[in-house]
1. Anything in region 173-190 that is more than 18 Å from the chain's Cα centre (by Cα), part of a helix (DSSP H, G or I) and not polar (S, T, N, Q)? List them, or say none.
2. Could you check region 98-109 and list, in sequence order, the residues that are open to solvent by 20 Å² or more (accessible area, probe 1.4 Å), assigned to a helix (DSSP H, G or I) and in contact (Cβ under 8 Å) with a residue 24 or more places away in the chain?
3. Hey, can you tell me all the residues within region 143-160 that are more than 14 Å from the chain's Cα centre (by Cα) and either acidic (Asp, Glu) or open to solvent by 10 Å² or more (accessible area, probe 1.4 Å) (or both)?
4. Would you mention how many residues in region 129-142 are within 18 Å of the chain's Cα centre (by Cα) and either under 23 Å from Pro208 (Cβ atoms) or open to solvent by 20 Å² or more (accessible area, probe 1.4 Å) (or both)?
5. Report, by residue number, each residue of region 120-163 that is aliphatic (A, V, I, L, M) and part of a helix (DSSP H, G or I).
6. Could you run through region 250-274 and say how many residues are in contact (Cβ under 8 Å) with a residue 60 or more places away in the chain, assigned to a loop (DSSP other than H, G, I, E, B) and either aromatic (Phe, Trp, Tyr) or open to solvent by less than 50 Å² (accessible area, probe 1.4 Å) (or both)?
7. Could you list, in sequence order, the residues of region 167-190 that are open to solvent by 10 Å² or more (accessible area, probe 1.4 Å), within 30 Å of Gly113 (Cα to Cα) and out of contact with any helix residue (DSSP H, G or I) (no Cβ under 7 Å at 6 or more places or on another chain)?
8. Read through the list (1) at pLDDT 95 or above; (2) in contact with a strand residue (DSSP E or B) (Cβ under 8 Å, 6 or more places away or on another chain); (3) open to solvent by 40 Å² or more (accessible area, probe 1.4 Å), then give the number of the only condition that Val205 fails.
Amino acid sequence: MKATIFDIQRNSFVDGPGIRTTVFFKGCNLKCKWCHNPESQSAKRQMMFYADKCTGCGKCKEVCPNGLKSCGFCGKCELYCPNDARKICGREYTVDEVFAEIVKDKSFYDNSGGGATFSGGECMLQPDFLCKILKKCWENGIHTAVDTAGNVPWEYFERILPYTDLFLYDVKAISDELHKQGTGVSNRLILENLEKLSGRKDIIVRIPLIGGFNDSETEVSGIAEFLKHIKCEKVEILPYHAMGEHKYEALNMAHEKYYAPDNIEKFKEMFGGKENV
């Protein structure tokens, strides 16, 4: 069994408690207009080309079996480019290969209260693989976290519940219509799953605060009111950042411009002390 992974980041401090290794699965069934990892959206491998790094030396065309007319993802252009202008995004891993990367830092997890986090894209779109790698971590005493947007059948949650210590759960909008505008899908299943999950496992709710999308008092207060009925450890407000914009250019993808709101402190007060920016 294999899964398509686009990155494995060690020594992460932002994807759950302690020092963590975060595994990023490729493929997502949301299309958030502000996504800072656009390379995660497609489940297929992609070639990223950073034109600003390219000096036009022609080495990539020279080594490419197809003369850059098509890509078979052999990796030669990436290997021989002297300026790192080309990068293949997405590689198939077995469960054992992913675990081999995770277990390298077990001593750091044990000393810091950290562990492994499975993210994306949407890691729960590859449920068989996710369940197996979670179980392998759990059997080896490694704390597990699943970072999800929750837009999957509830049965997927039921399968991984025994092996998941923490859920990092995204709530992007309370208005269904606004959620459709920003992500392309309804939020009904997402909110229903969060209600079912409440009280069964530790949950950190994450709210990406996007200027020009969900940064209205009505929207944020609506999310805060909904979360009053959800048992969660804390709420993390994540202000928009533009660090992923160069990736859109590398993938030749169009994207919209957003900004970081300037009224974050006011919104924090709406969450009754659970907020943590």
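The values are calculated or read from the model by the stated rules, or taken from the named source; none is laboratory data. Owing to the predicted nature of the structure, the values given are computational and were not obtained by experimental measurement. Cβ atoms come from the backbone with ideal geometry, glycine included; neighbour counts cover every protein chain shown. All accessible areas refer to the heavy atoms of the entire protein, side chains included, with ligands and DNA or RNA removed. Shrake-Rupley method; radii C 1.70, N 1.55, O 1.52, S 1.80 Å.
1. Matches in region 173-190: Asp176, Glu177, Leu178, Lys180, Arg188, Leu189.
2. At the first step, the residues of region 98-109 found to be open to solvent by 20 Å² or more (accessible area, probe 1.4 Å) are 99-101, 103-104, 106-108.
Then keep just the ones that are assigned to a helix (DSSP H, G or I); that gives 99-101, 103, 106-108.
Listed by number, the residues that qualify are Phe99, Glu101, Val103, Lys106, Phe108.
3. Step one: filter region 143-160 for residues more than 14 Å from the chain's Cα centre (by Cα), giving 143-144, 152-160.
Within region 143-160, His143, Pro153, Trp154, Glu155, Tyr156, Glu158, Arg159 meet the criteria.
4. Going residue by residue through region 129-142, those that are within 18 Å of the chain's Cα centre (by Cα) are 129-131, 133-134.
From what is left, the residues that are either under 23 Å from Pro208 (Cβ atoms) or open to solvent by 20 Å² or more (accessible area, probe 1.4 Å) (or both) are 130-131.
So the count comes out to 2.
5. Start the filter on region 120-163 by keeping residues that are aliphatic (A, V, I, L, M), which leaves 124-125, 130, 133-134, 142, 145-146, 149, 152, 160-161.
Result: Met124, Leu125, Leu130, Ile133, Leu134, Ile160, Leu161.
6. The total comes to 1.
7. Start the filter on region 167-190 by keeping residues that are open to solvent by 10 Å² or more (accessible area, probe 1.4 Å), which leaves 170, 172, 174-178, 180-181, 184-186, 188-189.
Narrowing further to those that are within 30 Å of Gly113 (Cα to Cα): 170, 172.
The answer is Asp170, and nothing else.
8. Just one mismatch for Val205, condition (3).
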